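Here the structure comes first, spelled out in structure tokens, and everything after it is commentary.
Computed from the coordinates by the stated procedures, all read-outs in this text should not be read as laboratory data. For clarity, every value in this text was computed on a predicted model and none was experimentally measured. Positions of Cβ are backbone-derived with ideal geometry, glycine not excepted, and every protein chain shown enters the neighbour counts.
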Amino acid sequence: MDTTKRLWWGLGTLLAVTFAIMLWMGREIHQQAPPLPSKVVTESGQLVFTKEELETGRQVWQSFGGQQIGSIWGHGALLAPDWSAEWLHKEALAILDIRAREQYGQPYEALAADDQARLQAQVRPDLRTNTYDADTDTLVISDERARAIEVVSSHYDRVFSDDAEMSALRETYALRENPIPDAEHRRLMSGFFFWASWATVTERPGSEITYTHNFPHDPVVGNTPTSSSFMWSIFSILLMIAGISLLVWHYAVFRDEEAPLVPPKTDPSLGIKVTPSMRAVGKYFWLVMGLFLVQILLGATTAHYQVEGQAAYGLPLADILPYTLTRTWHTQLAILWIATAWLATGLYLAPAISGHEPRFQRFGVNFLFISLILIVVGSFAGQWMAVMNKLGLAHNFWFGHQGWEYTDIGRFWQIYLFIGLMLWLGLMGRALWPALKRKDETSSIAGLLFLSVVAIGLLYAAGLAWREHSHISIITYWRFWIVHLWVEGFFEVFAVAVISFIFVKLQLVRGRSATIAVLFATIVFMAGGVLGMFHHLYFSGTTTSIIAVGASISALEVVPLALIGLEAYDTWKNGRATPWMARHKWPIMFFLAVSFWNLVGAGLLGFLINTPIALYFMQGTNLTAAHGHTALFGVYGMLGIGLMLYCLRGLKPDVVWREGLIRSAFWSFNIGLTLMTVLTLLPLGVLQLEASMEVGYWYARSAEFMDRPIVDVLVWLRTPGDVVFAVGALLIAAFVASLWLPSRKENPPLLNNPMAHSQLPIKLLY
């Protein structure tokens, strides 16, 4: 059995084993999730909440934005509190105040530190003891706790209404006035907040660890890091070091030292026949630019809400586009424009790889384009109606705002998008089929590309696996099948396969070498990329086994990044292999940027928050945002633009590129992303980390913390980076538009004459 077959067998075995473990652990999450009782009653028999009321309360939370305004269990938006953490702290303080007045005759805050500590020691067992009766499916709480629930519920009733005294707090949270007009809905949402906080402080039966592994950190109620969080963090670091050492050894011993290829005298891509379907892909890049520009505008508005809360430069924007909506659209558009760029790249390359244009391929490409527009417009309209209280709870799940970050769109639009992905899969498959049947040196690369296409398409079905009233732990599990396995799994495979094909097609890399390299890289990516998903689920109502697997395996995600410098060097070397590669300079430059941000954003900043003990204090802070911004745009956004530029070079082969526009855009992106990370996200995240460790997670996310002058300064310091980055977006959009405007053409003889081409100054090629 040759090397290629052994690698294919290894990849198949790895995927079978890892996905089997994924499903088995999903079953465990389902069985061990925090119980949602049929009713919550007091010791005296008073009914506090029913299961139906708790579920309706969650629906209310989802309908006005859910994870797009504040967070639950650390998952969600950075602005506004973590509602579960804040409720837990407020409820504890309310109980402490009740007991202080009963025992000392004065408020809790007026007591001496020793007396406060004594009361805390009394209250902790009452809060942490599990009083859920599985036989009757009933949660029994003390009358004292019921009184505390009324106190905290009253606070949230005022926050989410039009109470004038809470206007300043709503502004800090970037909540519009009267976000939930119905008083009963506000009461029910408070019930959901209570249940979510109950799970964070209640110990599992037979354990001294809560359902959320003692998250969030709050010493007042006894929530501190567990020993397993420390142990598995140490083990994950050791495993990462071992993995890196093994990979470096393998690279040093087994890397083929083949004689370098002699590049052809002319650009082989000039020989690619642009088919009607490939030409139809051009409009996708117009859509990419449109979505990208709108996303940046919404991102700037979303960031500005941190300063003015309900306005943008004095304009009462929250009345029309509240923070929950701008952030929803901002996060969704980031996925949509990047995904559109990748879909378009696949549709362009498939006929180029196979040399085959199936019947009605152009029609399919055009139909998919129209569908993408309908999905964007329809889902965004539904979300606006939901957030503005115009849709109602009955229709919100299907047509409005689901409230789950990155999977916010209504179920109807989810289904439509899945159908669109299946159409893309079909278009890719029928175009790639001749290449898959060939037994040449590139057939394995085509096979991996098709495998990634199948996985990207089918994995979106995970977004349809939960129902309206599914348990939040189960929803989180399935949601990260999409969020993680797309981004940190099969998108990586798609990217590696596409870039390898490009270099093989340009005759800069041998097909066999590229095939072996791509298969090996895929195995390395998948080894950590699949089961590594569980690092998102440490504190989502899961057991210690999730922490063990998530910490251990996700450490391997860093391993392939250890050789990122070599990857970057190979890319740079290929980009300078021959004078005609100047035609592809800017796709290559964006691929180089991908390597850099892969190391910084995905590698350094990713591993910074990856271990259980680190994420315990950092989840939902600006340190996670630093990782998210640098990894999502720095890696996948840059790659999307690079792939787009390669396709545009093929679609417009004779147009002289305006180098000034694209050079300025390239450096604006990189400088802008660096500035917003260094000046705002990292320092603000460090301040939140300090607050979370010293006081508690609730404080790091509180209005008290976010209203500090230093925070205002750091938020304003994001402006330079945002402006520079936005300029880059405008420049790249102007560049794309320029390709369809009257432009200088390259002299055809120069394109076809090898001698003339080799002597042509690089500058003239742009």
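Could you list, bin by bin from short to long, the percent of Cα-Cα pairs of region 229-653 in 20 Å steps?
25, 57, 18, 0
So what does the Cα-only Debye profile of region 44-166 read at q = 0.13, 0.16, 0.20 Å⁻¹, as log10 I(q)/I(0), no solvent term?
Computed log10 I(q)/I(0) values: -0.67, -0.99, -1.31.
For region 606-723, place one equal point scatterer on every Cα, skip the solvent, and apply the Debye formula. What is log10 of I(q)/I(0) at q = 0.09, 0.15, 0.16 Å⁻¹?
-0.36, -0.75, -0.81
Of the options Leu175, Leu188, Ile98, report the single residue whose Cα projects farthest towards the positive end of the charge dipole of region 37-224 (beta-carbon charges: Lys, Arg +1; Asp, Glu -1).
Of the listed residues, the answer is Leu175.
Work from the charge dipole of region 229-653 (Cβ charges, +1 for Lys and Arg, -1 for Asp and Glu, about the Cα centre) and give the residue of Thr611, Leu458, Leu632 farthest towards its positive end.
Leu458
Going by average Cβ density within 10 Å per residue, which order do the peptides 114-123, 399-408 take, highest to lowest?
399-408, 114-123
Nearest 20 debye, what's the magnitude of the dipole of region 37-224 about its Cα centre given +1 on Lys and Arg Cβ and -1 on Asp and Glu Cβ? Display every interim value, and only then the final one.
Details: 17 positive and 30 negative charges, 52 e Å.
Roughly 240 debye for region 37-224.
Please list, by residue number, every one of the GluC sites (Glu not before Pro) in region 162-217 that is coil in DSSP and has at most 13 other beta-carbon atoms within 10 Å.
On the way: sites: Glu165, Glu171, Glu177, Glu184, Glu203, Glu208; in loops: Glu177, Glu208.
Hits after loop and neighbour filter: Glu208.
Among 533-541, 383-391, how do they line up by average Cβ neighbours within 10 Å per residue, starting with the highest? Could you put the intermediate results ahead of the total?
Details: 533-541: 25.4, 383-391: 20.1.
Ranking the peptides 533-541, 383-391 by packing returns 533-541, 383-391.
Using 1/(1 + (r/R0)^6) with R0 = 25 angstrom and r between the beta carbons of Phe235 and Ala16, what's the FRET efficiency to the nearest 0.05? Write out the running numbers ahead of the final one.
Working: r = 25 Å, r/R0 = 1.01.
Efficiency, from the Cβ-Cβ distance: 0.50.
Translational diffusion coefficient, Stokes-Einstein: compute it for the chain using the Kirkwood radius over C-alpha pairs as Rh, at 25 °C and 0.890 mPa s, and state it as an integer in µm² s⁻¹.
89 µm²/s
Share of antiparallel DSSP beta bridges in the chain, in percent to the nearest 5? Intermediate values should be presented prior to the final figure.
Details: 12 of 17 bridges.
Percent antiparallel among DSSP bridges in the chain is about 70.
Please tell me the relative contact order of region 37-224 in percent, rounded to the nearest whole number, where contacts are Cα pairs under 8 Å and at least six residues apart. Before the final figure, lay out each step's value.
Numbers: 276 pairs, mean separation 54.3, N = 188.
The value is 29 percent.
Which of the chymotrypsin sites (Phe, Trp or Tyr not before Pro) across region 319-380 are loop residues per DSSP, with 13 or fewer other Cβ within 10 Å?
Working: sites: Tyr323, Trp329, Trp337, Trp342, Tyr348, Phe360, Phe363, Phe367, Phe369, Phe380; in loops: Phe360.
Here the sparse-neighbourhood loop sites are Phe360.
Relative contact order of the chain, please, whole-number percent, based on alpha carbon pairs below 8 angstrom and at least 6 residues apart.
Values: 1184 pairs, mean separation 132.0, N = 766.
Averaging sequence separation for qualifying contacts and normalising by length gives 17 percent for the chain.
Roughly how big is the chain's charge dipole about its Cα centre, with Cβ charges of +1 (Lys, Arg) and -1 (Asp, Glu), in debye to the nearest 20?
Details: 53 positive and 58 negative charges, 861 e Å.
Its charge dipole is roughly 4140 debye.
Packing-wise, with mean Cβ within 10 Å as the measure, how do 421-431, 38-48 rank, highest first?
On the way: 421-431: 19.7, 38-48: 14.5.
Going by the mean number of other Cβ atoms within 10 Å, highest first, we get 421-431, 38-48.
May I ask you to list the trypsin sites (Lys or Arg not before Pro) in region 280-367 that are in a DSSP loop and have at most 15 other Cβ atoms within 10 Å of their Cβ?
Working: sites: Lys283, Arg327, Arg359, Arg362; in loops: Arg359.
Taking region 280-367 and a limit of 15 other Cβ atoms within 10 Å, the loop trypsin sites (Lys or Arg not before Pro) found are Arg359.
Given axes a ≥ b ≥ c from the Cα gyration tensor, I'd like to know whether region 222-308 is rounded (a/c under 1.5), prolate (a/b larger than b/c) or oblate.
Judged from the Cα gyration tensor, region 222-308 comes out oblate (a/c at least 1.5, b/c at or above a/b).
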